[in-house]
1. Residue by residue through region 162-211, note down the ones that are of a type in the set (A, V, I, L, M) and either under 30 Å from residue 149 (Cβ atoms) or in contact with an Asp or Glu (Cβ under 7 Å, 6 or more places away or on another chain) (or both).
2. May I ask you to verify whether residue 11 is modelled with pLDDT of 95 or more, on the phi < 0 side of the Ramachandran plot and surrounded by 24 or more Cβ atoms within 10 Å (Cβ to Cβ)?
3. Restricting the search to region 39-57, which residues are of a type in the set (D, E, K, R) and buried (at least 22 other Cβ atoms within 10 Å of the Cβ)?
4. When you go through 249, 262, 234, 311 one by one, which is the residue that is assigned to a strand (DSSP E or B) and not basic (Lys, Arg)?
5. I'd like the residue in region 283-297 that is assigned to a helix (DSSP H, G or I) and surrounded by fewer than 16 Cβ atoms within 10 Å (Cβ to Cβ) and, out of all such residues, is farthest from the chain's Cα centre (by Cα).
6. Among the residues of region 146-176, write down those that are more than 17 Å from residue 290 (Cβ to Cβ) and of a type in the set (A, V, I, L, M, F, W, C).
7. Answer yes or no as to whether residue 184 is modelled with pLDDT of 85 or more, within 30 Å of residue 263 (Cβ to Cβ), of a type outside the set (Ser, Thr, Tyr) and surrounded by 15 or more Cβ atoms within 10 Å (Cβ to Cβ).
8. Do any helices (runs of 4 or more DSSP H) lying entirely in region 42-148 carry at least 2 residues that are touching a His at 6+ places or on another chain (Cβ under 7 Å) and at pLDDT 95 or above, and which ones are they?
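The values are calculated or read from the model by the stated rules, or taken from the named source; none is laboratory data. Only a predicted model underlies this, so the values are computations on that prediction, with no experimental measurement involved. Here the Cβ positions follow ideal geometry from the backbone for every residue, glycine too, while neighbour counts run over all protein chains shown.
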Amino acid sequence: MSSLAVKSFVFDCPSSSASSMGGDALKITANRYTLEDSAENMEGVTLLFTHCIGSHKEQWEPTISRLFRQQKHKCPAHQIREAWSFDWQSHGDAAVLNREAIRSRSEDCISAYEWASAIAAFLRSPYMKDHRVVGLGHSAGAAAVLISTNEFAINDSPYVCVVLIEPTMASRDSFYSRYEEHKAAVEFAVNTTSGRRDTWNSKDDAFAYFMKRVPWKNWDPRVVRLLVEHGLQATGGAVQLKCDKRQEALSYGDTEPHFEGANLISRLCHSLPIHLVFGARDDPVPDFIKHSLCDTSQGRFVASIRRVKHAGHMVVQEQPDRLADSICGILDGIPTYRSIRSRL
């Protein structure tokens, strides 16, 4: 079978975000993936991916590749038409493009709200006209996917379903009921990120470094290689992470989108199928947070809950193939146009 075709895009972000922050307009970067003639299948689903804090759009590629291949011989409505993966504006290629614009802003943190707004603009664009879109978000990216629905009427969702993978969302009450525990976790993430090495002599040097250290040594080697190839940039005879450590650290304190994401599950779940996928290990997201996202007493009714073996919070990086297989089960359950018409 032939390999995936990849095309890169740069889009302008909505100007309202820049004006409110007193800085220059930002860009958002994306990759579009197709396999052979998949884009010609108008019945197929289009997948839209968002990543976790500190990651980049290419980290999804092993999962995307397996999804295309697993779905290729299924009915046309369950095959994949296209897949799009987006960088957060402060991450990956977008971070490089936006470096000076971010420095010009009155507030440094690029909130998940801004990411969601850019995704919503893309969903309204001609690129997605007549597409059956499935939103898939990992960790903080899950909140961005849900918040992107705010710019659409509740009965006019841009998605046919959403898949929240290891979401870090929580209701405000749940968060503050164990505030000290959450505060300690955020502080640990901030301190670890701030003190982490971010520069190496070469990409080979960086790869060797990652493969010997937690958490990277627990990742699928393909994902580590993608981090080296796409998450680093050449600078002054060395290579450095594209995502600035300070930007990454600031993102961990951006809690409001996570509160809103939890509330949106209650608001959307009766009209939009919402699926939860977790790693089998409860690290570092505690089990009570995961249970709170499907708490029916709070009006959160989810379509399915799945666990991926031999994975924790970094399931995209640790078990991309097993994650893809879990997602395939969700895609196979999406109603086809024919089945919808037969019930009318």
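1. First, the residues of region 162-211 that are of a type in the set (A, V, I, L, M): 162-165, 169-170, 184-186, 189-190, 206, 208, 211.
Within region 162-211, 162, 163, 164, 165, 169, 170, 185, 186, 189, 190 meet the criteria.
2. No; evaluated as a whole, the condition is false for this residue.
3. At the first step, the residues of region 39-57 found to be of a type in the set (D, E, K, R) are 40, 43, 57.
Once the filter is applied, which keeps residues that are of a type in the set (D, E, K, R) and buried (at least 22 other Cβ atoms within 10 Å of the Cβ), region 39-57 yields only 57.
4. 234 is the lone residue from the list that is assigned to a strand (DSSP E or B) and not basic (Lys, Arg).
5. 297
6. 147, 152, 153, 154, 160, 161
7. Criteria not met by residue 184.
8. Working: elements: 61-71, 92-103, 112-123, 140-147.
Qualifying helices (runs of 4 or more DSSP H): 140-147.
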